[in-house]
Every structure is written in structure tokens, then in C-alpha cells.
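The values are calculated or read from the model by the stated rules, or taken from the named source; none is laboratory data. In this text the structure is predicted, and so the values were computed from the model without any measurement. Quick reminder, even Gly has a Cβ in these numbers, built from the backbone with ideal geometry, and neighbours come from all protein chains shown.
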Amino acid sequence: MSKQTKWVKEDPNNKFVFWPSEEMKKKAWISDESIYEEAAKDPVSFWAERAKKGLEWIQLWTETYQWNPPHYKWFINGKINASYNAVDRHNKTWRKDKAAIIWEPEPVNEPKRVLTYKDLYRDVNKFANVLKTLGVKKGDCVGIYLPMIPEVQIAMLACARIGAIHSVVFSAFSGESLNNRMVDAKAKILVTADGYHRRGKIINLKVNADIGVRNTLVKHVIVFKRANNEVNMVEGRDLWWHELMEEAPIYCEPEVMDSESTLFILYTSGTTGKPKGIVHDTGGYLTVAYLTAKWDFDLHDDDIFWCTADIGWITGHTYSCYGPLLNGATILIYEGALNFPEVDRWWEIVEKYGVTIFYTAPTAIRMMLRWGEEWPKKHDLKSIRLLGTVGEPINQDAWMWYFNHIGNGRCPVIDTWWQTETGATLINALPGIGPFIPTVAGRSFPGTTHDILDETGQPVKIGEGGYLVQKSPFAPGMLRGIYRDPERYKAQYWSIYGDRIYYTSDGAIWWDDLGNIRLTGRVDDVMKVAGHRLSTAEVENALTQHISVAECAVVAAPHDVKGEVPIAFVVLKQDVSPSHTLENALFNQVVRVIGPTAKPARIVLTDALPKTRSGKIMRRILKALVKGEMIGDVSTLMNPETVEDLKKKVNQTD
Ligand code: WT7
């Protein structure tokens, strides 16, 4: 990183602009600014060329892009297989002996595992055959509920190999959450583990998996033995991974897949209580996963890429699986908690393996910042040459801390904006071009177009806030729909500004006339809690299922480390009296129904919620209350007196 820092504007929120070092410029795949203009001239050809060069197609497409609002297709009639591109291709070259996946277990005294591309090839083929033997066919859905172990990538790629659709569910989600997803996806098989290590304890995943498959179409549960703990195996239904693999034939012919066929679905939170299955295609997704992994993180053969996201999120799919593997890169995955046994575990791992590219969430950086710089200082972090962030807006302090104490002022910080829906990064600076500006993500990735609009649909001026949208041609990896819910797809993304403009639900500001964008956060009822996407309605649903709850409203409150946290306002049924036990039961209710990530930071018990005369809960008032903002006019409320009462309760520290 060049030491030259330029002052741009006298803005108290943002003072620094950094540019790539000569070394970075020399090494980077992309260091010529002209790429933006070149791609903008003919984005469809730009993508076609990258898809052709970067991937191996069984058959090339006959038409590159088709747009029938609000639907679009890429690489029409193209044939391709994702697993072939991620594994077989490299297994045919010197890379067969290169590490594909390095796995670090949580227990410090347990040995690491390293899978070369050859190992990955063997296991993917075998597991693909296992799935086939169990009757999985092209187009069937396979649920994957695994911790961060290499079997997760093996299972995903095995599905892709035979044309089955994978639906990965975050291992910290509850059995009930898993169940909803298995039902919605009509999954036939669930792949899980006996358990995993988390903060020194063994978590029994199989117990949740058993709840997850209740009353579903799941015929078999494949269980990987990770933790060696006692689990209950249901005769005829549950099968051990290692036993199945022993008997599996060593080669499985990859299916010829249509480029537009579904590679996977991934459930994410929307504004209702029901998570939506985001549908991703094959060829388009692979193209952007491949290209963004290569260009954003400047992936080279000697890199060790560590994306700390769990595979249960889109970041894990694209940057702990498809993106780097398509590039023949080495990825590192870690099973456990960032602060186990000590808060420098991540830096110990970086040092141990010589990680060169490190990608994490602002919430983790803020936590590290709190723990202090003495922890990273204990380790040699010189191997790192590029840093990335994702998942939520990053504040300047966290950015600068990351830049100085992890990157030692040498490494660009690539702040990548994207969504489960977009499949891959879309707005960020490129490492060989820059600029890298704290709190500003950067420009639209070459070949994509974003705009920022006001409420009436007019573009806003530089420095003014508005809503971020994307315009055609839509990035090839954009979602193709919401699983079995076409109406929700239209309503969610293509109704605010019509069916020709993709609405992101994010607020944004043009930073300058170069096209740099600052993201300001969600504008809907989706929270980002420690980087995890969660809807307030889901938490409300979980709470109202409790027998003592009459009604409730959940809103997001700002939090120094987690970014946002849910605060629940709960009205108990008339005959129920409040108690600590009951409060605890309510916290547990949310953990049981959704998972620990959704646990409210506070539950405020109240006699009433502020309502309009027509009986609608005024969430706007609750939001203002938890943010400490002006409440405004309450005279139109049915029960204005509740506001004062709630104000007292919110401000009371317990
Ligand atoms: C939402 C999408 C993209 C993978 C992980 C999150 C927020 C994401 C940034 C960023 C500001 C960001 C947005 C977006 N977001 N990246 N760099 N700066 N905000 O995927 O769970 O689908 O969440 O995360 O609000 O809409 P997701």
C-alpha cells in the first residue's frame, strides 16, 4: 500500500483515500482503469468473454443475454457442470497435488486436514455416487446441515456433479428453522454430522437434524462422524457417511447441465416471517463467482485465501467454495469460534498457514478492536497482502484499525457490497485500481450498473441519499427467482420502481463523480445482527408462538459491536404475570425456534404497544425509541399514553 494518503473532502466522517502500492499494481490481475469503460461499452460481450475464458463449457451458448422483465437469462442453451469446473479441471493439471482445502479444527491439539485437488476430486466423485445410489436425481433437492468441515464443500460439489440442487442450512440454525427449509424445498436427503466443536464444547447437531426432518420428504439422513459423540441413528433412515463412502464407486460422470438450471437455493430473511429460498442458476453464477474471486481478491496460485464466513451464508458459498475453487486456489476453513481458546485464535491461524488473503465481517473487526491490538501484535501477519470486508456497513474506526493493525498499513481493504440475491460481490474497489476509502465500498463491478434513486424514481445527486438499484444487463449471478414463489419475487424486487429496475432494499450515497458508493444500511425490516441477516418478523413469529404472549413487535437497535440487535416489545396475555423465569423462557423461545443469532438483546414487557386508530402497530415509534431519536407526532395514535411509558422502560437499565 502506498504511504501517500490524499485528503479528499473536509468531511468529519471520512478523511482518507488510499491507493494501491506499486507492488500491488504490478501483481494485480486488473490495474488498468480502462476496464470500467471497456465493460460499460458492451457489458453483455464483457461477460460472454469472461465466461468463455474462465470456465470450461460442454457446449457454448447460442444467445448471451435475454431480458423479459422481471426475468433475465444468461448463456442460453449453454451446457456446463459446476463440479467439473471446480475440481476436474484442476485435477488434470499440476494443481492436482495443490491444496484445495486446508481445514483447521477448533481443538488446538487435533491435527489439521489438507485436501489436495486430487483428494477433493476423489471424494466429490464418490459422494456423488452415494447420492445417486440413494436415489437422488437431477433437479432433486438435497439439504446440507454441516459445520465448517471439508465435507460441506464435498457435499455441495457432489450435488452439483449430478445436477441435484443443494440447500445449505447454517449449522447454528435451530432444528425448527431447518425443518421449515426442508419442507419448503421438498428435500429428499439431508447431509449432517454427529456434532462439532464450538468454544470447547461438542454441539450435538444430529439432535437438531432429527427435528429438521420431522414430517418432511427426507428419506435418508447421511451422518458424518466428526465429533465421535453418541447419536441416535434411526434404523433404515440414518446412514453413516464413512460407511457409504467405503462402498462408493470412484468415478461419477458429471451431468450435462443447462446453464440456466438451478445450482442451489439458499434461504435468507425477507421482511415477512417466512424465509425465502433464493434461486441461483449455474453458468451465470459460476461466471461471477469465478471472476469476482479472481479480481476482487486478486487470487493467484500462491495465495491462501481465508474467508471466515460460515458456509450457511452466501459468502461461504461463493468465497469458501465455488469462487476460489473455480480458480484452482487454496482455501482455508476453520471449524470453531474466533475467540477460542483465546481471542487471538484467528491471528494464530493466519500465522500458522501464512494466509495471504483475509475476508471477514465488520462485526468481527469491531470485536477485535475492543480486545485490543496487543492480540494481533503477538503474531507475524506479514503473509497477508489483501483484506476484505462484507455483510454490513463498516465504520471508519473499524476500517482504520483493520488497515493498520491487521494489514500493517500495507494491504488494501476491499469493502464488498452484495447480497444473497446477487450471488457475488457487486460494489467494491478493485485491489490494483482503488481508491480504498473507509466507509465507501467503491464502484460497480465492471459490466454492472447501479443507480441511486429517490422515492419518485429520480436519480439523486452526489452526496444525497437514496435507494440503491441495479439496471439491465443484470449481473449474470443475480437470483433467478424465489423458490416456488414467483409472486414474492416480483413484489420484493420488481415493484418499487417497476419490473425493469432491481430494488436492493439498501440505502446509498454517491460519494464522488467517479461512481464510488457509500452504503448506509437496509431500509426495510431486515436487520444485520453481527453480520447475520434476520427479519424482525421472524423474531416476532417466534415470540408470538409462546403461550404467554399476546402480541409483540421487534425492532432493530444500533449496537457498537454487532451493528444491530433485535429488541422485543412484548405484551403478555391478561392472565399472565411477568417474571424473570418467563422472560428467560421468551429468550429461549427465540433460540429454539430460530437459533442463538436471533436472540433479542432485550425484551421489554409492556401493557400495550403504540397503535394507530385502525389498530396497526406503529413500529416507527418503537424504532425511534430504541435509537434515542425524536419521536414526533403521536396525536394520531389510538393510545398515545403508551409512548411515555415505553420511553421510561427503554431508558431504564436493568
Ligand atoms: C445485505 C445483504 C453479501 C454477503 C453477506 C451478506 C448488507 C452487505 C455490505 C457492505 C454495507 C452491506 C446490505 C445487503 N451488506 N455487504 N459491504 N456494506 N452493507 O448477504 O445476508 O444477503 O445481506 O447486507 O444491507 O442488503 P446478506
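Just a few scattered comments:
- Among residues of segment 466-497, those that are among the small types (Gly, Ala, Ser), farther than 22 Å from Glu49 by Cα and touching a Leu at 6+ places or on another chain (Cβ under 8 Å), counted: 1
- Test result for Pro438, closer than 29 Å to Ile265 by Cβ and either touching a helix residue (DSSP H, G or I) at 6+ places or on another chain (Cβ under 6 Å) or within 14 Å of the ligand (Cβ to nearest atom) (or both): no
- Flag not set for Val554, criterion: part of a helix (DSSP H, G or I), away from the ligand (no atom under 15 Å from the Cβ), surrounded by 17 or more Cβ atoms within 10 Å (Cβ to Cβ) and among the aliphatic types (A, V, I, L, M).
- Output for segment 106-145, where each listed residue is assigned to a helix (DSSP H, G or I), without any contact (Cβ under 8 Å) to a residue 60 or more places away in the chain and surrounded by fewer than 17 Cβ atoms within 10 Å (Cβ to Cβ): Lys118
- Counting only strands (runs of 3 or more DSSP E) that sit completely within segment 459-534, those holding 2 or more residues that are of a type in the set (Ser, Thr, Tyr) and within 16 Å of the ligand (Cβ to nearest atom) correspond to 501-510.
- Residues in segment 26-84 that are β-branched (Val, Ile, Thr), under 21 Å from Lys138 (Cα atoms) and surrounded by fewer than 18 Cβ atoms within 10 Å (Cβ to Cβ): Ile58, Ile76.
- Residue within segment 594-603 that is farther than 21 Å from Asn541 by Cα and surrounded by 12 or more Cβ atoms within 10 Å (Cβ to Cβ) present: no
- Of the candidates Asn588, Asn541, Asn516, the single residue that is without any contact (Cβ under 8 Å) to a residue 60 or more places away in the chain and not hydroxyl-bearing (Ser, Thr, Tyr) is Asn588.
- Residue check, Ile333 outside any loop (DSSP other than H, G, I, E, B), of a type in the set (A, V, I, L, M) and under 24 Å from Asn428 (Cβ atoms): yes
- The listed residue being in a strand (DSSP E or B) and surrounded by fewer than 23 Cβ atoms within 10 Å (Cβ to Cβ), out of His197, His166: His197
Residue-wise test of (1) crowded, with 24+ Cβ neighbours inside 10 Å; (2) in a helix (DSSP H, G or I); (3) within 13 Å of the ligand (Cβ to nearest atom).
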site: Met233; (1), (2), (3): no, no, no
site: Pro249; (1), (2), (3): no, no, no
site: Leu266; (1), (2), (3): yes, no, yes
site: Ala293; (1), (2), (3): yes, yes, no
site: Asp310; (1), (2), (3): no, no, yes
site: Gly316; (1), (2), (3): no, yes, yes
site: Tyr319; (1), (2), (3): yes, yes, yes
site: Tyr322; (1), (2), (3): yes, yes, no
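- Number of the condition not met by Glu644 [criteria: (1) farther than 30 Å from Ser171 by Cβ; (2) not in a helix (DSSP H, G or I)]: (2)
- Residue count, segment 362-381 (criterion: touching a helix residue (DSSP H, G or I) at 6+ places or on another chain (Cβ under 8 Å) and in a loop (DSSP other than H, G, I, E, B)): 5
- Test: residue in segment 447-456 that is in contact (Cβ under 8 Å) with a residue 24 or more places away in the chain, in contact with a Gly (Cβ under 9 Å, 6 or more places away or on another chain), within 14 Å of the ligand (Cβ to nearest atom) and of a type in the set (Val, Ile, Thr): yes
- Per-region count, segment 398-430, residues away from the ligand (no atom under 11 Å from the Cβ), outside any loop (DSSP other than H, G, I, E, B) and either surrounded by fewer than 21 Cβ atoms within 10 Å (Cβ to Cβ) or outside the structural domain of Phe16 (by TED's automatic domain parsing) (or both): 4
- Every condition in (1) within 10 Å of the ligand (Cβ to nearest atom); (2) over 20 Å from Thr439 (Cβ atoms); (3) not acidic (Asp, Glu) holds for Leu572 except the one numbered (1).
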